[in-house]
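This report refers to the structure that appears directly beneath it.
The values are calculated or read from the model by the stated rules, or taken from the named source; none is laboratory data. Note that the coordinates shown come from a computational prediction; the quantities given were computed from them, not determined experimentally. Note that we place each Cβ from the backbone using ideal geometry, even for glycine, and neighbour counts take in every protein chain shown. SASA here: full protein model, heavy atoms, side chains in, ligands and nucleic acids out. Shrake-Rupley method; radii C 1.70, N 1.55, O 1.52, S 1.80 Å.
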Amino acid sequence: MIYLDNAATTFPKPNCVNEAMYNFVKHECGNAGRSSHKLSAISSEKIFETRELIANFFNGDMENVVFTLNTTYALNFAIKSLAIDNSHILLSDIEHNSVLRPIYSLCKNNNCIYDTFDSDGTNEQIINNIKKKIKKNTKMLVCTHASNVGCRKLPIKEIGSFCRENQIIFIVDAAQSAGIYDIDVKQMGINALCVPGHKGLYGPQGVGFILFNEIIPKKTIIEGGTGIDSFNQNMPEYLPEMHEAGTMPTPSIVGLSASLKWINTLTIDKIRNHEETLYKLLLDLLKTNEKIKIYAMNDYNGNTLMFNINNISSQKVASQLDNLNICVRDGFHCSPLAHRKLSTGKNGAIRVGISIFNTKLDIYSLYDALMEIIISNKI
Amino acid sequence: MCIISLKSNTYAQKVRNILRNYGMNVEIIRLEPQKTKHGCSYGISFQCERLYYVKTILNQNNIDYVEI
């Protein structure tokens, strides 16, 4: 099988992840921060170690790492706990539903309003696009670092600098960029970085996190047990416990710890170079066929590429590729704004997501399979 | 033994690592329930002879603690 759906979740995982999770679940899996016994203490240490790895990876502070189920939960927690009533929120015009829906819901209930800014253009033009949409009561800007449909990488350092100057809370969706591009929350002025464990960080599903920076949320979203202060009816007012009610997904956190160490050894430069090399190879191959429409910006060199074959629905192509043991993603990728902007129409598009485990042979095999589909469908 | 009472397990782990970096042999302990204000809390145990040294390290690193 050739797996090219890595923008949805990376697969396979490094062996060290599988082994770390297996050993932990079999021998050490207590409930962290809940008891006096050894297994609880070991679990607590594993979580603490992972917080430190994350803080070092993104240049944040260890106690500001809040574990969540995934990026969607991280974005919901960050947006809803930092939002200010009756304010204006700005987001880019290529946001995933994990940003769009919580903001839509928030504005429906809290009398805030939101608007989108145009993500096209140079870094300077994008900042100007943002300036045009800023209002006196703009208190929050939320945007993706790299689009999940592979069309755009936003200049988060410049946007962060603008937000810092204008005292706007800056939340970044790093679902597609963490582990591929360098992210420094302090240097980039990011107040809340939302990250999945299971994509570019090559950890398991079931764990994501927020890395808060320079700002502490005032509201809780979920309340419950924290293992401390049990007779206090209020949640703790400090991170990370304030946002970590209930038992943590410690086996997944242990897997993430292993994958972060693996990436640190391999380096993200090596991962990015490998993935971008394969991306360029695929782009060059697809460009040779006029029956394939590619949705890619000229300046984008990433690891995710979207395209369609003339007049065939993306679902049909994905299904035929699956019959040839090639996994890709079809449809709208939960990104209605980006699809509308790219005019993919009612069929959506095929998305190929490349990982460090893919090879040139995978790309050539995909291209051959697409040619076979074009011929068999008599296009 | 003396005990620093801290606001959370995460914070206790952070403080333990800081004190260990200063060469101190310290351990995290779960505090006895009757000694906490709202129940379930964590602390760091250390030799009482090092009290002044510990307080200096905590102050230098801007560490908030509940009590010693």
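Taking Lys and Arg as +1 and Asp and Glu as -1, the other residues whose beta-carbon sits under 13 Å from that of A:Ile216 total -3. Cross-linked pairs A:Lys199/B:Lys14; A:Lys157/A:Lys293; A:Lys135/A:Lys157; A:Lys13/A:Lys287; A:Lys280/A:Lys341: Cα-Cα separations exceed 26 Å for A:Lys199/B:Lys14; A:Lys157/A:Lys293; A:Lys13/A:Lys287. Computed on segment A:55-99, the Cα convex hull volume stands at 117 Å³ per residue.
Calculate the FRET efficiency for B:Asn25 and A:Asn23 from the Cβ-Cβ distance with a Förster distance of 35 Å, rounded to the nearest 0.05. Step by step, r from the Cβ atoms, then E = 0.80. Consider a paramagnetic label point 7 Å from the Cα of A:Gln167 along Cα→Cβ; state which residues of segment A:67-109 have an amide N under 18 Å from it. Answer for segment A:67-109: A:82-90. Under the simplified labelling scheme, the A:Glu223-A:Lys108 pair shows an inter-label distance of 2.4 nm, with each label point 7 Å from Cα along Cα→Cβ. Considering helices alone, the calculated mean residue ellipticity of the protein assembly as shown at 222 nm is -12500 deg cm²/dmol, with DSSP H runs of length four and up weighted by -39500 (n - 2.57) and normalised per residue. Between segment A:15-69 and chain B, the alpha-carbon centres lie 21 Å apart. Would you kindly calculate the translational diffusion coefficient of chain B, applying Stokes-Einstein with the Kirkwood radius from alpha carbon pairs, for 20 °C and a viscosity of 1.002 mPa s, and quote it in µm² s⁻¹ without decimals? Answer, rounded: 181 µm²/s. Computed over segment A:117-163, the P(r) tail beyond 16 angstrom holds 34 percent of alpha carbon pairs. Considering segment A:255-313, its Cα convex hull presents a mean projected area of 5.7 nm².
Computed from the Cα positions only, the extents of segment A:289-374 along the three principal axes stand at 32, 27, 25 Å, in decreasing order.
Considering only the Cα atoms of the protein assembly as shown, their convex hull presents on average a projected area of 22.9 nm². Annotation for segment A:211-283: GluC sites (Glu not before Pro) lying in DSSP loop with at most 16 further Cβ atoms inside 10 Å of their Cβ are A:Glu214, A:Glu223, A:Glu237. Seen against the Cα atoms of chain B and their longest principal axis, helix B:9-21 is set at about 20 degrees.
In segment A:1-115, the portion of solvent-accessible area held by carbon and sulfur atoms comes to 51 percent [1.4 Å probe, whole percent, DNA, RNA and ligands not counted]. By the equivalent-ellipsoid construction on the alpha carbon gyration tensor, segment A:111-224 comes out with semi-axes of 23, 19, 13 Å, ordered largest to smallest.
Equivalent-ellipsoid semi-axes for segment A:76-175 (Cα gyration tensor, √(5λ), whole Å, largest first): 20, 16, 11. Under the simplified labelling scheme, the A:Arg101-A:Ile216 pair shows an inter-label distance of 3.2 nm, with each label point 7 Å from Cα along Cα→Cβ.
What the Cβ-Cβ distance of A:Ser365 and A:Lys38 gives, at R0 = 41 Å and to the nearest 0.05, is a FRET efficiency of 0.25. Charge tally for A:Asp368 (other residues, Cβ to Cβ under 14 Å; Lys, Arg +1; Asp, Glu -1): -1.
Put simply, the amide H of A:Thr138, placed in the peptide plane, has neighbours under 5 Å in A:His88, leaving out anything fewer than 5 places away on its chain. So what is the diffusion coefficient of segment A:15-266 in µm² per second by Stokes-Einstein at 25 °C and 0.890 mPa s, using a Kirkwood Rh over Cα pairs? D = 132 µm²/s. Could you give the angle, 0 to 90 degrees to the nearest 10, between helix B:51-60's Cα long axis and the longest principal axis of the Cα atoms of chain B? Approximately 80 degrees, to the nearest ten. With the simple spin-label model, which puts each label point 7 Å out from Cα in the Cβ direction, the A:Asn86 to A:Asn232 separation comes to 3.0 nm. Between the helical axis of A:268-287 and the longest alpha-carbon principal axis of chain A there is an angle of about 30 degrees.
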